[in-house]
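I have placed the structure first, in the form of structure tokens, so that the comments after it can refer back to it.
The values are calculated or read from the model by the stated rules, or taken from the named source; none is laboratory data. Nothing here was measured: the structure is a model prediction, and the numbers come from that model. Note that we place each Cβ from the backbone using ideal geometry, even for glycine, and neighbour counts take in every protein chain shown. These accessible areas exclude ligands, DNA and RNA; they are computed on the full protein's heavy atoms, side chains included. Shrake-Rupley method; radii C 1.70, N 1.55, O 1.52, S 1.80 Å.
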Amino acid sequence: MTLRVTLTLMTATLGAAALLAGPASAQTLKIALSAEPTAADPNYHKMTANDALSAHVYNSLVGRDADMKLVPSLATSWKIVDDTTWEFKLRNDVKFSNGKPFTSEDVLFTICRTLNNETNVSASYTDVTKRIADVQTPDAHTVIIKTMEPLPLLPAEMARSLPILWNGIVEHGKLVYEPKKGCGVTSPWPTVADFNSGKNAIGTGPYMLKSYVKGSGIELVRNENYWGPKPEWKEVKMIPVPNAGPRLTGLLSGDFDVIENPAARDLPRIKENPKFAFVATPSTRLIFLQPDIARNPSPQVKAANGANPLQDVRVRRAISMAIDRKTITSRIMDGMATPAYQYMPDGMFGALPKAPEVKYDPEGAKKLLAEAGYPNGFEMTISSTNDRYINDGQVSQAVAQYLSRVGIKTNVDAVTASIYFPKRAKREYSFSMGGWPSETGEASALFQLWVASLDAPASLGTSNYGGFSNADFDKVYLKGAATVDEAARKKLLEQATQIALDNVPLIPLHFESTSWAFRKDLAYEGRRDQYTLATSVTKAK
């Protein structure tokens, strides 16, 4: 079939589907998700799809608006008492969806649960709570949190990673902050299954979980006890549709009211159709490649000398030079991404003011490979999701082609996220794709999880699957992360960024933009954190 014929048929489909589309239901909102949450447990797996679902059912102490600015949520205010002590004042008019009042004990219980959650993935949600030394609840609406070391970003961390649970989901005596002793809990801690079934899905958020069926969909109903503005939709149905084509077809046919991540190539046609609209919002999500640096040999790398070439920084630099980021962002991402030459978008806290462009230079890459002892290249596999990040499978294919051109024969293993993430957590990959949004607004969170040397008790390097370890980086980063003075912290984080770029623990590819398409009688407020929220969908004025 020729391109012309394909486009003609597609245009006809668009028109016919548009005619079939009826008016939006005033009570039920249907959303097609491009990436499915892996659980309904808000402490299970730190990933955007899961956190977006949690944001419907639960609230955190601190909230974020669409531009990621911190706003009051369950806490009306917060202040730093000294370098390691924060005080949060809580709302006194909040009830859980079962009618029980929200108090400071729920905050203490939630922090303890993250530290006693054996069913989570990669110690998700403990990156911050492991750094908490004490939690005091002097009254029902005050929480005092002491950290083991200065943690200037604690409010931002509370916003991104601590949905508050109801402490009544378990049996307990007096709750005290002694995580290793169970904090007073006397029954078994709840598992991910208890939340997926809906049994323990009790939050203070605008919606209640009606059902979660992995692979099929999620149903939410409005929480009539919600303390904030009531959402417009009485019921919400979220259906996972990994492929962009069926998502768009579903929108046009009236099966969905809103879809995540329509293909960028389809945006002009949506714009031209009077019955539909879209928004596109730049995000802070970095898409990167993570080489296995620690192991020799590495399971998915084959070199003539039997070694792991990825341990050589010259090889990692050669790989970075061999990838044409501009072509990937223009042709595969259809302009819905920005080439990345460092780990934060330009201008963000901790980013280099003028990061040099990594120019596409295949001949230079070949010379570096020869210099490193691999004039004939080597063979490896790139592993990625095919349903998590925008066009992730195609991006992996493109990277593989670029690397093969400089002599690195690269195979592609792109699988669904539910298979990929557990395997990556077990370090079964040698060269894998990752994505990370800067939810705190600065570089420290990415460095803490993905670049710092592994120190699980200190919650450092827990996503550092490549095993990178650099004492100079750790020294500068750790000092920066604990520095309260903003100017000094900024300088230290910039130094850490430079050290990381010099040593290439991660190969940055691009920063995603995120888009949503919807019926013209609706409006959607695009969010930089990439959350798809039913509460962000309103009737068009």
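Numerical summary
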| item | result |
| --- | --- |
| Positive-end residue, the chain charge dipole about Cα centroid, Cβ charges, pick of VAL415, ALA398, TRP233 | ALA398 |
| Per-residue SASA entry for THR186, accessible area with 1.4 Å probe, Å² rounded to 10 | 100 Å² |
| The chain: radius of gyration over Cα atoms, expressed as a fraction of 2.2 N^0.38 Å | 0.99 |
| Three-way shape call for the range 293-335 based on the alpha-carbon gyration tensor, with the a/c threshold at 1.5 | prolate |
| 20 Å Cα-Cα threshold exceeded, pairs from LYS95/LYS230; LYS79/LYS491; LYS326/LYS491; LYS199/LYS426; LYS271/LYS520 | LYS79/LYS491; LYS326/LYS491; LYS199/LYS426 |
| For the range 283-513, with +1 on Lys and Arg beta carbons and -1 on Asp and Glu, the positive-most of ALA471, TYR429, GLY347 along the dipole | TYR429 |
| Dipole of the chain, positive direction: furthest Cα of VAL192, ALA458, GLY173, with charges on the beta-carbon | VAL192 |
| Heavy-atom accessible area ranking, 1.4 Å probe, most first, across GLU157, GLU178 | GLU178, GLU157 |
| Carbon + sulfur, % of accessible area of the range 407-489 - ligands and nucleic acids excluded, 1.4 Å | 55 percent |
| Full-stretch length increase - THR327, LEU454 - with 0.36 nm per residue and alpha-carbon distance subtracted | 42.3 nm |
| Calculated [θ] (222 nm, deg cm²/dmol) that DSSP helices of n ≥ 4 give over the chain, each run adding -39,500 (n - 2.57) | -8000 deg cm²/dmol |
| At most 15 other Cβ within 10 Å, DSSP loop - trypsin sites (Lys or Arg not before Pro), the range 330-375 | LYS354, LYS359 |
| Potential extension, LYS367-ALA193 segment - 0.36 nm per residue separation minus Cα distance | 57.4 nm |
| Relative contact order of the chain, pairs being alpha-carbon contacts under 8 Å that are 6 or more residues apart, as % | 19 percent |
| Solvent exposure ordering (accessible area, 1.4 Å, most first) of ILE499, ILE328 | ILE499, ILE328 |
| Projected label distance in nm at LYS180 and VAL415, using a 7 Å step from Cα toward the beta-carbon | 3.7 nm |
| Simple Cβ-charge dipole of the range 38-203, Lys/Arg +1 and Asp/Glu -1, about Cα centre, in debye nearest 20 | 160 debye |
| For the range 283-513, convex hull of alpha carbons as volume per residue, Å³ | 112 Å³ |
| Backbone N within the range 159-199 under 13 Å of label point (7 Å from LYS214 Cα along the Cβ vector) | 192-197 |
| Under 19 Å from the Cα of LYS89 - aspartates and glutamates, other chains or at least 8 residues apart | GLU105, ASP106, ASP134, ASP139, GLU157 |
| Length-normalised contact order of the range 38-203 in % [C-alpha pairs under 8 Å, at least 6 apart] | 30 percent |
| Neighbourhood charge, 12 Å Cβ-Cβ cut-off, centred on LYS46 and excluding it, Lys, Arg +1 and Asp, Glu -1 | -4 |
| Out-of-range pairs (alpha-carbon distance over 23 Å; input LYS214/LYS275; LYS46/LYS479; LYS367/LYS409; LYS234/LYS539) | LYS214/LYS275; LYS46/LYS479 |
| With DNA, RNA and ligands ignored, accessible area of ASP51 (1.4 Å probe; Å², nearest 10) | 10 Å² |
| Once the Cα gyration tensor of the range 38-203 is diagonalised, semi-axes √(5λ) in Å | 21, 18, 16 |
| Virtual spin-label span in nm between LYS271 and ALA140, 7 Å along Cα→Cβ | 5.4 nm |
| About the Cα centre, charge dipole magnitude for the chain (Lys/Arg +1, Asp/Glu -1 at Cβ), debye | 940 debye |
| Listed residues LYS409, LYS539 arranged by accessible area, highest first, probe 1.4 Å | LYS409, LYS539 |
| Segment ALA304-LYS426, extension gain: residue separation times 0.36 nm, minus the distance between their alpha carbons | 41.3 nm |
| Mean-position separation - Cα centroids, the range 192-224 and the range 243-278, in angstrom | 27 Å |
| Given charges at beta-carbon only (K, R positive; D, E negative), |dipole| of the range 283-513 in Debye | 400 debye |
| Label-point separation in nm, ASP346 to ALA66, each point 7 Å along Cα→Cβ | 2.5 nm |
